[in-house]
Amino acid sequence: MKQWLMEILACPAENCGNKLNLDVFTSHVVKTNTEEVKEIDEALIVCPKCGRWYPVIEGIACMLPDHLRMSGKQRVEETKFLQRWKDKLDSSILNEGKPFGLTSTS
Ligand SMILES: [Zn+2]
């Protein structure tokens, strides 16, 4: 995803819609004939209002409502994301992140 996308993204949680913070872990620069564009590969998006986190996995911002993240393939992928970057993530996200963390059992 491109860095400027963050300026138009808003938290998808119900009754939130706040602006989001971005913490980039990996990125690369794509050169075209006229410009260089920074493409974000993996990053953490955090909503400062409701406290939810969202992953950017392989260039795609996964900004889904809670109920779509809590089970199935999405939960597996997002749990792998937390494991992959656990050294860089705040313990509050790892332990009690919204909608889930690494140690959550629900
Ligand atoms: Zn929010």
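No value in this document is a laboratory result; all are computed from the given coordinates. These numbers come from a predicted model, not from an experiment. So basically every Cβ, Gly included, is an ideal-geometry build from the backbone, and we count neighbours across all protein chains shown.
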Taking the chain and counting helices only, DSSP H stretches of n ≥ 4 at -39,500 (n - 2.57) each over all residues, the nearest-500 ellipticity at 222 nm comes to -5500 deg cm²/dmol
Normalised by the number of residues in the chain, what is the relative contact order in percent for Cα pairs under 8 Å and 6+ residues apart? 19 percent
Hits in segment 1-31: amide N under 18 Å from the 7 Å Cα→Cβ extension of Lys49, namely 6-22
Which value, in debye to the nearest 20, describes the size of the charge dipole of segment 14-81 about its Cα centre when Lys and Arg Cβ atoms bear +1, Asp and Glu Cβ atoms bear -1, and nothing else is charged? 260 debye
Among all the aspartates and glutamates, which ones have a C-alpha under 18 Å from Lys38's C-alpha, if same-chain residues fewer than 8 places away are not counted? Glu7, Asp23, Glu58
For segment 1-67, which GluC sites (Glu not before Pro) pass both filters: DSSP loop (anything but H, G, I, E, B) and at most 15 other C-beta atoms within 10 Å? Glu14, Glu35, Glu58
Restraint check, Lys31/Lys73; Lys19/Lys80; Lys31/Lys80, Cα-Cα greater than 28 Å: Lys31/Lys73; Lys31/Lys80
Beta bridge orientation in the chain: antiparallel %, DSSP, nearest 5: 95 percent
Expected unfolding gain across Leu68-Ala10 under the 0.36 nm per residue rule, minus the alpha-carbon gap, is 19.1 nm
Using only Cα atoms, tell me the angle between helix 72-84 and the longest principal axis of the chain; keep it within 0 to 90° and round to the nearest 10. 70 degrees
